Amino acid sequence: MDKRQVTQAGVTLVEVMIIVIILGIGAAMAVPNYLASTARAQLRQAVTELHGNLGLARMIAMNRNTTVTVTLSQVACPPATSDCGRVLVTFTTVGGGAAMTPQVMPAEVRGVGGTSQIQFSSLGLRLGNGPPTQSMQLTNTYGVTYEIQVSSAGLTRWCAASPCPPF
């Protein structure tokens, strides 16, 4: 019989543990960036949706020949409520009736700043005194703030930074 050295292929437990540790460190470094990116994307989606809804509220005011009020508020925190602290946008007419379905922002959108109420007249103009441009700021859980501006003519735009440059 021939006595040859048999080589064994495979990995040791130490090598497997090193690979697992390296993958764990990589995942631990990637997860916060992923969560921040997801929160930023949800904020962007919420702001673009609100921007579109502001335009729709303006059109409803003109089509129905009435005033539409858009109100941003944070939901109070009653016990056992999943919407606790979320931002709610309501669209009402002069009599208090709903002009549109309310918009509930994603859970990552936590802060509201600037103007909390905007009114559009039957001519599509923004009602109320104050500066020629009113702004609403929405902030996510990571402190990123986007801004929506409404001019006195009722035109809207949004910016990925706050404050927006002048109209």
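The values are calculated or read from the model by the stated rules, or taken from the named source; none is laboratory data. This is a predicted model, so every value here is computed, not measured. Backbone-built Cβ (ideal geometry, glycine too); neighbour counts: all protein chains shown. We work out accessible area using only protein heavy atoms, side chains counted, and drop any ligands, DNA or RNA first. Shrake-Rupley method; radii C 1.70, N 1.55, O 1.52, S 1.80 Å.
Observations on the model:
- All positions within the range 112-124 that are open to solvent by 20 Å² or more (accessible area, probe 1.4 Å) and not small (Gly, Ala, Ser): VAL112, THR115, GLN117, GLN119, LEU123
- Unique residue being modelled with pLDDT of 90 or more, open to solvent by 50 Å² or more (accessible area, probe 1.4 Å) and within 27 Å of TYR146 (Cα to Cα) when the list is LEU35, LEU72: LEU35
- Among the residues of the range 28-55, those that are among the hydrophobic types (A, V, I, L, M, F, W, C) and touching a Phe, Trp or Tyr at 6+ places or on another chain (Cβ under 9 Å) comprise LEU35, ALA36, ALA39, LEU43, ALA46, VAL47, LEU50, LEU54.
- Filtered by the rule that a residue be open to solvent by less than 50 Å² (accessible area, probe 1.4 Å), of a type in the set (A, V, I, L, M, F, W, C) and over 25 Å from VAL104 (Cβ atoms), the range 125-167 gives a lone residue, ALA153.
- Members of the range 140-167 that are without any contact (Cβ under 8 Å) to a residue 60 or more places away in the chain and assigned to a loop (DSSP other than H, G, I, E, B): GLY143, SER152, ALA153, LEU155, ALA161, SER162, PRO163, CYS164, PRO165, PRO166, PHE167
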